[in-house]
Amino acid sequence: MEITPVDVPEHERVIEFKDAKLGLLGYVAIHSTQLGPAAGGVRMRPYDHPAEALNDALRLSRGMTFKNAAADLPLGGGKAVIVGDPATDKTPALLQAFGRVVQQLEGQYWTAEDMGMTPADMAQIGTETAYVAGLSDGDYASGDPSPITARGIYNAIRVVAAHRFGCAALKGWTVAVQGLGNVGWHLCRLLHDDGAKLIVTDINPEQIARAVERFSAKAVETNEIYAVEADIFAPCAIGGILNEVSIPQLKVAAVAGGANNQLATDADADRLHARGILYAPDFVANGGGIVNVATEILQVEDREAWVGLRLRSMENTMDRILTRARAESVSPHKVAASIVQELLQPRAA
């Protein structure tokens, strides 16, 4: 195993790890440990180039700092990415090797489930490190975080609906959901049960067919989702999809979804605001997953009550952000970022 430091400004620690025999290549990015040990999942994707993987780790780890701070968790921000197709390249040996990388960081970084990973994978990683969460078994096991993530996003969408349409109930409103992975699927279930009409897209045609049957959803091609007429757009796939190309296409009143780093740049928040599209900051909306994982890291005894309290707190935080943004006539992203930066300011001794 080769572990090489990578010098990145504004990050506390970044490493590249690789094992040619196992076909393992990836990065761990620790953005901040100011509020506590860095926590964030490990993502496995077939990146086109190592530089793309590194950039993803850097963006996601910074996002985790904001997400953990916004959820008022005593955790910092970190993220890991592994280059490869989880359907064909993932092996027990590869996962165990990654576990040894995490262990060498000696608790600076806690890993958990993210895109391309499952609770079973966390168990494999956990054979080599104590710093893993999202396990299915154990005294404080939190399991799959996707349902809790989806619940937090659903709550955020209801807050957005109350601000934009004057009513939190979603019956009759149309939500366009991009991405039908674990989080997107659970979100669709919640929205459907609340009476919302769904327009969906995904790279997996079988998953689209399931959504059409299960939720009476309308399916569109992946490149058509931005231009559909809907009330709310819920991005639940990869990041960077709200940009100078996609934003002019949007025919929605609001955006609230589960994807990390939905804005390609901070300027895109202003583009949404200029178009009168209400944006729910993603690092506030999608914090349910890390709240669920935090119960394992922090060894919370009454997990259900603790998670419920944090989800209500996140909902109230979103309401305050949108209220303040309206009062100040600025993007909610600007307000949310300002609040988090205040939380990250060094405290007086």
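The values are calculated or read from the model by the stated rules, or taken from the named source; none is laboratory data. Because the structure is predicted, anything quoted here is derived from the model rather than measured. Note: ideal-geometry Cβ built from the backbone for every residue, glycine included; neighbour counts use all protein chains shown.
Of the residues making up segment 40-75, those that are more than 15 Å from the chain's Cα centre (by Cα) and either buried (at least 20 other Cβ atoms within 10 Å of the Cβ) or assigned to a loop (DSSP other than H, G, I, E, B) (or both) are Pro46, Tyr47, Asp48, His49, Ala53, Leu54, Asp72, Leu73, Pro74, Leu75.
For Val132, the test of being touching a residue at least 12 places away in the same chain (Cβ under 8 Å) and assigned by TED's automatic domain parsing to the domain that holds Gln34 is failed.
Being of a type in the set (Asp, Glu) and farther than 15 Å from Val159 by Cβ is a property that does not hold for Glu315. Within segment 144-171, residues that are charged (D, E, K, R) reach partners that are crowded, with 17+ Cβ neighbours inside 10 Å with beta carbons closer than 6 Å, at six or more positions or on different chains, in the pairs Asp144/Pro119; Arg151/Gly288; Arg164/Ala253; Arg164/Ala254; Arg164/Leu278.
Let's see how each residue does on (1) surrounded by 20 or more Cβ atoms within 10 Å (Cβ to Cβ); (2) of a type outside the set (Lys, Arg); (3) assigned by TED's automatic domain parsing to the domain that holds Arg164:
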{"residue": "Ser216", "(1), (2), (3)": "no, yes, yes"}
{"residue": "Ala219", "(1), (2), (3)": "no, yes, yes"}
{"residue": "Glu224", "(1), (2), (3)": "no, yes, yes"}
{"residue": "Ala230", "(1), (2), (3)": "yes, yes, yes"}
{"residue": "Gly240", "(1), (2), (3)": "no, yes, yes"}
{"residue": "Lys251", "(1), (2), (3)": "no, no, yes"}
{"residue": "Ala256", "(1), (2), (3)": "yes, yes, yes"}
